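Each reported figure results from applying straightforward, stated rules to the coordinates on display, with no laboratory input. Quick caveat: nothing in here was measured; it's all calculated off a predicted structure. Because the Cβ atoms are built from the backbone with ideal geometry, glycine has one as well, and the counts that use them run over all protein chains shown.
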Amino acid sequence: MRNMVIIGSGPAGLTAAIYAARANLAPLLIEGKEPGGQLTLTTLVENYPGFSEGIMGPQLMEDMRSQAKRFGTEIVNAYVHAVKLTEKPFRVYYADQEIEAKTVVISTGSSAKLIGIASEIKLMGHGVSTCATCDGFFFRGKEIAVVGGGDSAMEEATFLTKFATKVSLIHRRETLRASKIMQDRALENPKIKFIWNTIVEEVEGTKGTGVTGLKLRNLKTQEMSQIKLDGLFVAIGHNPNTEILKGQITLDDRGYIITQPNSTRTNIPGVFACGDVQDPVFRQAVTAAGTGCMAAIEAERWLEH
């Protein structure tokens with residue numbers, strides 16, 4: 001029987017572990033399929049407070065992991081394939097293990113939807129990004145492209161015009177899914193050029209050079225073309241990692257965990273959710289860490305009572 005089991009090892013899960021371990025709860029943290037979360041896919045992180053020169057994403061996560069272990073967190077490199085949250089004690093299953101828990105903190109994060117081509121994955125963090133707020137600053141005075149047609153794509157493209165000299169917005173259809181106000185804002189922006197009915201076939205460049213261009217295919221004419229640019233932002237949405245929770249915990253229509261206002265409490269007493277799995281809005285390392293702190297404090301108080 002564990003006082004607390006934390007599922008997921010991004011900034012939210014590891015911050016929860018640090019706080020819980022320092023409260024002598026001896027938490028067990030199960031890392032998941034992507035130890036360290038989305039920050040391990042990035043290179044330089046410049047917007048996490050306390051690092052005036054920036055820090056590499058994987059290094060930041062390794063430091064958080066070491067800090068959690070130093071205070072007594074037990075960390076297991078495995079992923080949770082099932083949970084039972086409808087009865088107490090809660091049960092968490094990974095590999096061939098069954099763990100009983102008094103509280104569960106869910107910090108399984110979300111995964112950015114990708115185009116699905118090898119060159120995009122190869123250059124992730126080297127000119128390919130899924131987060132304009134995180135990486136836009138690196139493209140000051142450069143030409144970039146955004147892929148997508150929804151609100152997040154319009155928002156990212158508009159935001160990126162603060163830095164880039166030109167933003168090409170590539171969409172596979174000739175109409176946008178975005179809300180009217182977001183469409184109008186992007187369409188009226190002189191720095192944004194729309195490329196309709198088109199998909200990215202290949203991202204050109206190397207880890208050394210970064211992104212140098214894109215090979216595009218027009219879906220109507222099948223015509224191939226090439227554009228030179230310095231970066232690609234993929235903005236086709238995120239999927240919260242909540243598959244194992246369906247039918248047990250209250251999710252919104254997109255699959256994000258619904259938490260109570262000003263809290264990380266879920267609809268199940270003793271189960272808390274933090275980080276991107278319950279935050280479709282901000283999706284930042286620092287906000288995830290903040291909710292991880294909240295989850296640990298709330299879980300500790302819940303155990304006391």
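Numerical summary
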{"quantity": "Net dipole in debye of segment 114-234 [+1 Lys, Arg Cβ; -1 Asp, Glu Cβ; about Cα centre; nearest 20]", "calculated": "140 debye"}
{"quantity": "Karplus (6.51, -1.76, 1.60) ³J(HN,Hα), θ = phi - 60°, over segment 127-139, in Hz, Gly and Pro reported as x", "calculated": "x, 9, 9, 10, 9, 5, 4, 6, 10, x, 4, 5, 10"}
{"quantity": "Nonlocal amide H pairs with residue 237, under 5 Å, H built at 1.01 Å", "calculated": "113"}
{"quantity": "Convex hull volume per residue in cubic angstrom - Cα atoms of segment 125-169", "calculated": "61 Å³"}
{"quantity": "Unit charges at the beta carbon, dipole of segment 83-203: most positive-side option, 194, 92, 126", "calculated": "194"}
{"quantity": "Set of lysines with alpha-carbon distance to residue 246 below 19 Å, sequence-local pairs under 8 removed", "calculated": "33, 84, 88"}
{"quantity": "Percentage of interatomic Cα-Cα distances in the chain larger than 23 Å", "calculated": "58 percent"}
{"quantity": "Selection of chymotrypsin sites (Phe, Trp or Tyr not before Pro), segment 222-305, meeting DSSP coil and at most 16 other Cβ within 10 Å", "calculated": "282"}
{"quantity": "Max mean-square fluctuation residue, GNM over the chain, Cα-Cα springs under 10 Å, options 147, 281, 105", "calculated": "281"}
{"quantity": "Cα long-axis angle, helix 57-70 against the chain (0 to 90 degrees, to the nearest 10)", "calculated": "0 degrees"}
{"quantity": "Set of lysines near residue 162 by C-alpha distance (under 19 Å), chain-local residues within fewer than 8 positions excluded", "calculated": "142, 191, 193"}
{"quantity": "Kirkwood Rh, Cα atoms: Rg over Rh of segment 1-140", "calculated": "1.03"}
{"quantity": "Prolate/oblate/rounded call for segment 114-234, Cα gyration tensor, a/c under 1.5 rounded", "calculated": "oblate"}
{"quantity": "Dipole magnitude of the chain about its Cα centre (Cβ charges: Lys, Arg +1; Asp, Glu -1), debye to nearest 20", "calculated": "380 debye"}
{"quantity": "Rounded tilt (10° steps) of 11-22 against the dominant C-alpha axis of the chain", "calculated": "20 degrees"}
{"quantity": "The chain - Cys residues lacking any other Cys C-beta under 4.7 Å", "calculated": "274, 293"}
{"quantity": "Using θ = phi - 60° and Karplus 6.51 cos²θ - 1.76 cosθ + 1.60, couplings along segment 284-297 (whole Hz; Gly, Pro as x)", "calculated": "10, 4, 6, 6, 4, 4, x, 6, x, 4, 4, 4, 5, 5"}
{"quantity": "Over the chain: helical MRE at 222 nm, DSSP H runs n ≥ 4 each giving -39500 (n - 2.57), nearest 500", "calculated": "-7000 deg cm²/dmol"}
